[in-house]
Amino acid sequence: MANVFFDLCTNLVRSNDERKCGFLKTSNRINVLLSRARHGMYIIGNSDTSRLVPMWAKVLSILERLNNIGPRLALYCPRYKETPIEVLVPDDFARLALKGGYAKRCLSRLLCGHSYLNICYSISLHNAVCCLKHCLRTKKSCKHKCPRPYRDLCELKCQVVLFDIPLLYRHIAKQLRCHKAQILEEVYY
């Protein structure tokens with residue numbers, strides 16, 4: 001199998017037995033391709049197809065000398081750097097590095113502190129996940145648990161509905177929110 005080399009700018013789509021490089025055989029086009037990356041570059045293509053072009057031969061020799069060419073692309077999840085991920089074929093991205101993370105159950109916690117039960121995502125996607133657990137915080141005045149999902153802010157006043165609350169003058173409120181039941185003098189019937 002031919003070596004594969006990798007690029008963020010473009011994909012060298014030519015791979016043929018005739019070793020015809022096509023569009024990227026001229027040095028000015030190769031120069032444009034190689035000079036556009038700002039933060040890093042991966043070139044994906046068949047090195048055997050482009051090796052006959054003199055400028056590509058120079059680029060390939062530099063990559064080989066620096067040991068930056070090979071049949072696999074080494075990836076890693078930012079939270080699991082000790083677990084390497086190597087992709088060889090396009091399907092490996094979906095199988096091994098789904099959503100920019102590690103395709104195993106994520107052990108990192110969400111921003112709220114709860115554990116995340118799905119596969120590991122990239123940091124930006126992981127931080128955008130909303131916690132689905134229900135809030136366990138209680139109101140100091142009544143000890144009722146907050147009924148909202150953890151990701152939402154708690155109500156300032158307890159909204160739990162209470163039933164059959166005795167009021168002043170032997171009246172009974174059939175339903176009353178907890179925060180109102182705490183100040184019965186203000187409840188009028």
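Please treat every number below as a calculation from the coordinates, not as lab data. This structure is a prediction, so every number in the text was calculated from the model and none was measured. Positions of Cβ are backbone-derived with ideal geometry, glycine not excepted, and every protein chain shown enters the neighbour counts.
Taken along the Cα-to-beta-carbon direction at a fixed 7 Å, the label points for Gln182 and Arg95 span 5.8 nm. From the alpha carbon centroid of the range 53-92 to that of the range 150-173 is 63 Å.
Under 5 Å between amide hydrogens, built in the peptide plane, is the criterion, and for Leu75 it picks out Ile85, Glu86, Val87 among residues at least 5 positions away or on other chains.
So if we plug the beta-carbon distance of Gln175 and Arg38 into 1/(1 + (r/R0)^6) with R0 = 45 Å, what FRET efficiency do we get, rounded to 0.05?
It comes to 0.10.
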